[in-house]
Amino acid sequence: MQENYDVTEIQNKWLPVWDEIKPFDSSRADDARPTKYVLDMFPYPSGDLHMGHAEAYALGDVIARYWAQKGYNVMHPIGWDAFGLPAENAAIKRGLDPRDWTYENIAQQKASMRRYACSFDWDRVLQTCDPLYYRWNQWLFLEFYKKGLAYRKNSNVNWCPSCQTVLANEQVVQGLCERCDSVVTKKALTQWYFKVTDYADRLLDDLDQLEGKWPSKVLSMQRNWIGRSQGANIDFNIVDSDQKISVFTTRPDTLFGATFMVLAADSELAANLAANASDTVQQAFEQYLDGVKKANDIERLATDRKKTGVFLEQYAINPLSGEQVPIWVSDYVLADYGTGAIMGVPAHDDRDIEFAKAMGLEIKMVVDTGEEDPAVSGIATSGDGVIVNSGELNGLSKQDAIAKAIEIAESKGTGVGSKNFRLRDWLISRQRYWGTPIPIIHCEKCGEVPVSQDQLPVTLPDSSGLDLQPKGTSPLGAADQWLNVSCPSCGGAAKRDSDTMDTFVDSSWYFLRFLSPHSEEFAFDPAEAKKWAPVDQYVGGVTHAILHLLYARFFTKVLHDIGMVDFEEPFTRLLNQGMVLMNGSAMSKSRGNLVRLSEQLDIHGVDAIRLTMAFAGPPEDDIDWADVSPAASAKFLARAWRIAKDVDSEPTADFAAGDKGVRKATHQFLVGFEEAIEAHKFNVGVAKAMELTNALRKAIDQGVGPKDIAVREGAEELAKALSLFAPYTSEDMWQLLGHEPAVALAGFGTVDQSLLVEQSTVAVVQVDGKLRDKFEVDLSITDAELEAMAMASAAVQRTIEGKEIVNVIVRAPKLVNIATK
RNA sequence: GCCCCGAUAGCCCAAUGGCAGAGGCAGACGACUUAAAAUCGUCACAGUGUGGGUUCGAGUCCCACUCGGGGCACCA
């Protein structure tokens, strides 16, 4: 046994032992422990692990190891999100096969994770690029297809000219591609979609169930993203036409204030109406539409952009007032939100008043908010007030008028209460190679024909001979042998769909695949799902707050509806760890502030880095590597290790004879530590372990000495607690203390409440809330006795001298507060 | 523009409405040592961003503001 704490030595010593005994095997048939499912977001295999992974997996491991220590059978699996653009791009650059490149990275990351001593169950590993996995992507796609939840449509989609592929709405950030920051443009294409909007209400409403269990930030981001608005659809007839304009509005109470209509320039209705107009109007419209199509999102979203538009020289009839109002087209109305048309109420809408001012249209106030008339001030008012100039709505409040207007419109058959969502359907086709082939065959005669589910997987053809260079159409379109098949329906010549699925499809259900990762019979085994799912604790970065989590929630709800799972939310609790920064900003090679994980591990050791991640602060806060001290963590671990080494007694289960003071410190620690970990205050938990270490050091050097059995008890609990953060050190401590591995499963000691009962406490005396005196009192002291003691205090007498006492608050045995005037 | 989160010592961070300090970094001093490192120990430092309010008592609850971070945003 070594004399000194040697990081390298203990790292080399314990890894093979754990491989042998597999402390975190979650598949033992006779395992009677209750279950917990702890999941870390699986990594993308691009290069080796970095500091961000190190934090995420250190924190996830604290939770997994905590439950293991508490006696649970913890499933803590890991896999790789192995399909996707970065792998493909990197492969193109180096002329490699994306598959080889991916698997090499996986091997490297896996080795790093093992060295990092993550408590993963290595028998449950999966890779999404494995046909064994993506076969079930296809199978699920076909299930969605049967339910009408997977469909193809032509529309103007987000197009990244650099990645040469379409993007989901969620992958466009501020008009830029989230991957490469290129300006995203629009392109009319026929693409596959998942009908997320069918689930919009449930995706929004069910967030309430997660209140307090998910970070409120994520909940609000999801709510914002789904963006439900309540209102009404109102129909406006068009003068001298049998067409009508249906608008969506959240303010039907302002119907009488509508002084114009605006259609999205790129909407079908706009085109129809323009076609009926004079040649001059048609020309102006065509010209305007051209300009709109050319504009990208960056230009379109510019906040201070002037309002533009074209008057169609046609009029609509307000269904309530009967007034005729002019019909315009403009690009400030979006074709794919609501009905693609609005009623312009300039007095009470910022955008409409801008348009009205630009075009010289009438501004008619219908809600008197007490502010200046918008027609005069030029500033729209949107607050509550009294309805005016609005016929039967006059005199009502905003809320009442909204209800009344809907009622009237419904009774007249010219409108209906309705709601709209910001959320759009999920575009899942990608024109790239390295992804899951869409299991559909296109036949000229039969149209879309799904591949039979028992014919899956449709495997990805070998990449050799294919041009993976992005060129706007799928590389699979050139894989003739693969592409050309006979139609399953009529037997005629047909072609496979050559697009691949968005990789977010892969990650939308992987947490279920871990239940039976090798199954060829099911996507996941329903019996295992009953046992383990949903995930008790999910851990990952807030970067996935919208995309991945929304899609996974959507999948779960669909799987629930087709009877595959009996729950509707996939992740019961969510922890978002912060980022690891260096000198205030995200690490990057170009910034020159990159800290290499492997280097840190070499210098300080695995345990010190893991401990540093946990101790740096609350898990959801960012860690600035410049603010933390892994060297100090290593020093602490050595200090803890020496405690175990100094213990000079035989292993026993009977600690009753130990020193009461030391035992009390240990048992207080147990209470505080578990409380801290359960609340995910890992930094506080570590601080408590440091406190116990300090107390034990003192006991050994200046107190009862290393032979007292209470010192052993404290050292053992310390080792068990440290197993959450520092697996190598704690295992070695456990051995020094004369035990067999694994310390990770040893189980915390049972708290002896009798040791925690205080005989006396320190009572505090305040005058006007300020501390003036304190003394040790018996716990059983009465209010009257304590008050008498307080009043007798010289310090108190001095303070209250000459003052009038108005009140005395006594909270025996802790506190007396004397209020004076 | 709307919504959310945060602000405590030189620094990172603790504190069920009840003594502002658990822990750490950096710092000073001391013990051990021929010396240094390592180790062990002792000490100092803020009244909680600003202004109000509730309360016997506010870092903690309420209101307004400042600063920082984040989300949504021509979404009708």
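The values are calculated or read from the model by the stated rules, or taken from the named source; none is laboratory data. It should be emphasised that the depicted structure is a prediction, and the values quoted were computed from it without experimental measurement. Positions of Cβ are backbone-derived with ideal geometry, glycine not excepted, and every protein chain shown enters the neighbour counts. Just so you know, the surface numbers come from the protein's heavy atoms only, side chains and all, with ligands and any DNA or RNA stripped out. Shrake-Rupley method; radii C 1.70, N 1.55, O 1.52, S 1.80 Å.
Among residues belonging to the stretch A:95-107 that are surrounded by fewer than 16 Cβ atoms within 10 Å (Cβ to Cβ) and more than 20 Å from A:Ser474 (Cα to Cα), point out the one that is farthest from the chain's Cα centre (by Cα).
A:Asp100
For the stretch A:584-689, which helices (runs of 4 or more DSSP H) that fit wholly inside it have 1 or more residues that are within 29 Å of A:Gln702 (Cβ to Cβ) and among the small types (Gly, Ala, Ser)?
A:606-615, A:630-646, A:660-678
Take the stretch A:323-357 and flag every residue that is open to solvent by 60 Å² or more (accessible area, probe 1.4 Å), within 12 Å of RNA strand B (Cβ to nearest atom) and assigned to a loop (DSSP other than H, G, I, E, B).
A:Leu334, A:Asp336, A:Tyr337 - these are the residues of the stretch A:323-357 that are open to solvent by 60 Å² or more (accessible area, probe 1.4 Å), within 12 Å of RNA strand B (Cβ to nearest atom) and assigned to a loop (DSSP other than H, G, I, E, B).
Tell me, which residue of the stretch A:498-531 that is among the aliphatic types (A, V, I, L, M) and open to solvent by less than 10 Å² (accessible area, probe 1.4 Å) is nearest to A:Ile428 (Cα to Cα)?
Within the stretch A:498-531, the match that is nearest to A:Ile428 (Cα to Cα) is A:Met501.
Name, by its number, the condition in (1) without any contact (Cβ under 8 Å) to a residue 12 or more places away in the chain; (2) within 23 Å of A:Phe236 (Cα to Cα); (3) within 12 Å of RNA strand B (Cβ to nearest atom) that does not hold for A:Gly360.
For A:Gly360, the exception is condition (3).
Could you tell me whether the stretch A:660-675 includes any residue that is over 20 Å from A:Leu722 (Cα atoms) and more than 14 Å from RNA strand B (Cβ to nearest atom)?
Looking for residues that are over 20 Å from A:Leu722 (Cα atoms) and more than 14 Å from RNA strand B (Cβ to nearest atom), one finds at least one in the stretch A:660-675, hence yes.
Inside the stretch A:639-651, can you point out the residues that are open to solvent by less than 50 Å² (accessible area, probe 1.4 Å) and over 18 Å from A:Leu724 (Cβ atoms)?
Residues satisfying the conditions are A:Val647, A:Ser649.
Would you tally the residues in the stretch A:779-807 being touching an Asp or Glu at 6+ places or on another chain (Cβ under 7 Å) and surrounded by 15 or more Cβ atoms within 10 Å (Cβ to Cβ)?
Matching residues across the stretch A:779-807 total 2.
Being more than 23 Å from A:Ser229 (Cβ to Cβ) and within 10 Å of RNA strand B (Cβ to nearest atom) is true for just one of A:Gly395, A:Gly391, A:Gly309. Which residue is that?
A:Gly309
Of the numbered conditions (1) buried (at least 18 other Cβ atoms within 10 Å of the Cβ); (2) of a type outside the set (A, V, I, L, M); (3) at pLDDT 95 or above, A:Gly71 satisfies every one except a single condition; which is it?
In the conditions (1) buried (at least 18 other Cβ atoms within 10 Å of the Cβ); (2) of a type outside the set (A, V, I, L, M); (3) at pLDDT 95 or above, A:Gly71 misses (1) alone.
Kindly state which helices (runs of 4 or more DSSP H) lie completely within the stretch A:211-322 and contain at least 2 residues that are open to solvent by less than 70 Å² (accessible area, probe 1.4 Å).
Fully inside the stretch A:211-322 and qualifying: A:216-226, A:268-275, A:279-294.
Are any residues in the stretch A:225-246 under 23 Å from the mean Cα position of the chain (by Cα) and without any contact (Cβ under 8 Å) to a residue 12 or more places away in the chain, and if so, which ones?
Hits for the stretch A:225-246: nothing passes.
Filtering the stretch A:366-399 down to residues that are over 17 Å from A:Asp350 (Cα atoms) and of a type in the set (D, E, K, R), which residue is surrounded by the fewest Cβ atoms within 10 Å (Cβ to Cβ)?
Within the stretch A:366-399, the match that is surrounded by the fewest Cβ atoms within 10 Å (Cβ to Cβ) is A:Glu392.
Applying the selection to the stretch A:755-778, what residues are away from RNA strand B (no atom under 12 Å from the Cβ) and open to solvent by 80 Å² or more (accessible area, probe 1.4 Å)?
Once the filter is applied, which keeps residues that are away from RNA strand B (no atom under 12 Å from the Cβ) and open to solvent by 80 Å² or more (accessible area, probe 1.4 Å), the stretch A:755-778 yields A:Val757, A:Gln759, A:Asp778.
For A:Lys110, state whether it is in contact with an Asp or Glu (Cβ under 7 Å, 6 or more places away or on another chain), at pLDDT 95 or above, under 21 Å from A:Gly540 (Cα atoms) and open to solvent by 10 Å² or more (accessible area, probe 1.4 Å).
Taking the combined requirement at face value, the residue does not satisfy it.
Of the conditions (1) within 18 Å of A:Lys471 (Cα to Cα); (2) within 23 Å of the chain's Cα centre (by Cα); (3) surrounded by 15 or more Cβ atoms within 10 Å (Cβ to Cβ), A:Cys180 fails just one. Which one is it?
(3)
Run down A:Val485, A:Val505 and say which single residue is in a helix (DSSP H, G or I) and either within 14 Å of A:Gln138 (Cβ to Cβ) or of a type in the set (A, V, I, L, M) (or both).
Just a single option satisfies the conditions, and that option is A:Val505.
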